[in-house]
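For reference, the structure discussed in these notes is given below.
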Amino acid sequence: MSETVAASPCLAPAWRLQPQGDRCVLVSLEDDLNESAARRCLALARQIRQAGWPGVSDVVPAFTSVAVHYQPQEPGNLDHAELTRRLQALLAKPLPDTAQTGRLIDIPVCYGGIHGPDLAQVAQASGLSEAEVIALHSQTPCTVLMLGFAPGFAYLGIHDARLDIPRRAEPRTEVPAGSIAVANRQSVIYPGRLPGGWNIIGATTLTLFDPAREPAALLQPGDRLRFVPITADAFAVARRKAATP
């Protein structure tokens, strides 16, 4: 199995099909991270799922690529050659814009203080006041670009260029669940207590991942999020309510 590369008028500059072992094909649409590329990945993943091809066991969109997992060993399932042919046929056509297909979800956020210990450093690095960082982060909805790293861990973007700041030089060994952090014009929301090197600017009391819920992950790729600033008192009340059986 070898890499397939093709130019396409609807994808810039080209797409690539690369086998990842004998049960996965990686479709690479672009090399650079941008929201347009992420939306094309979401659109392609949705089309593959809707096609219902026999033997395709999972379709995983990322920032600039889509992993198509399949089971070629079962009778009647697609083999590598047929899966590649069908993917090429999909990629030869324009992909629909997914900008308005996701849900719009409000995320209450308590910024700064004990819930956002890196807000001051982010403000300094971006040349803004803390209030301006909060306004910049919350004034425009952002897109869930992908899930990764841990169950329910959402990568969000793309933010204003003034939030193009690096991750922390020294990652934390533990980041509290619900923490909202920024780096490289993106945000992440920690679904559980995890290690991490992103700059924490706030927190939400929402449960991002619950195995007993369907779907278990609250956020899904393609969703649009609005960060809604709340006070520390409102955060404490919401946390108590969330902890009440």
Of Q220, Q71, Q50, the one that fluctuates the most in a GNM where the chain has Cα springs shorter than 10 Å: Q50
Checking L156, L206, L44 against a Gaussian network model of the chain (alpha-carbon springs below 10 Å), the top fluctuating residue turns out to be L206
About its Cα centre, how strong a charge dipole does the chain have in debye, to the nearest 20, once Lys and Arg get +1 and Asp and Glu get -1 at the Cβ? 400 debye
Put E214, E82, E174 in order of accessible area, largest first, probe 1.4 Å, and you get E214, E174, E82
Over the chain, what percent of the accessible surface lies on carbon and sulfur atoms, probe 1.4 Å? 53 percent
Averaged per residue, the 1.4 Å probe accessible area of the chain, protein heavy atoms only, in Å², is roughly 49 Å²
Sequence ranges 135-142, 34-41, ranked by mean other-Cβ count within 10 angstrom, highest first: 34-41, 135-142
Which whole-Hz ³J(HN,Hα) couplings does the range 147-154 yield from phi under the Karplus relation 6.51 cos²θ - 1.76 cosθ + 1.60, θ = phi - 60°, glycine and proline marked x? 10, x, 6, 8, x, x, 7, 9
Quick one: net charge around A183, please, counting Lys, Arg +1 and Asp, Glu -1 for every other residue with C-beta under 15 Å from its C-beta. +1
With runs of 4+ DSSP H residues as the only contributors, calculate the mean residue ellipticity of the chain at 222 nm using -39,500 (n - 2.57) per run, divided by the residue total and rounded to the nearest 500. -7500 deg cm²/dmol
Once phi is turned into ³J(HN,Hα) by the Karplus curve 6.51 cos²θ - 1.76 cosθ + 1.60 with θ = phi - 60°, what whole-Hz value does each residue of the range 194-202 show in order, with x for glycine and proline? 9, x, x, x, 7, 7, 7, 10, x
Applied in sequence order to the range 129-145, the curve 6.51 cos²θ - 1.76 cosθ + 1.60 (Karplus, θ = phi - 60°) yields integer Hz couplings, x standing for Gly and Pro, of 7, 4, 4, 5, 4, 4, 5, 5, 6, 9, 6, 10, x, 10, 9, 6, 7
What is the angle, in °, between the Cα long axis of helix 35-51 and the longest principal axis of the Cα atoms in the chain? Nearest 10 is fine, range 0 to 90. 50 degrees
Kirkwood Rh and Cα-based Rg: tell me the resulting Rg over Rh for the range 106-245, rounded to two decimals. 0.94
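The values are calculated or read from the model by the stated rules, or taken from the named source; none is laboratory data. This structure is a prediction, so every number in the text was calculated from the model and none was measured. So basically every Cβ, Gly included, is an ideal-geometry build from the backbone, and we count neighbours across all protein chains shown. Remember, those area values only see protein heavy atoms, side chains included, never the ligands or the DNA or RNA. Shrake-Rupley method; radii C 1.70, N 1.55, O 1.52, S 1.80 Å.
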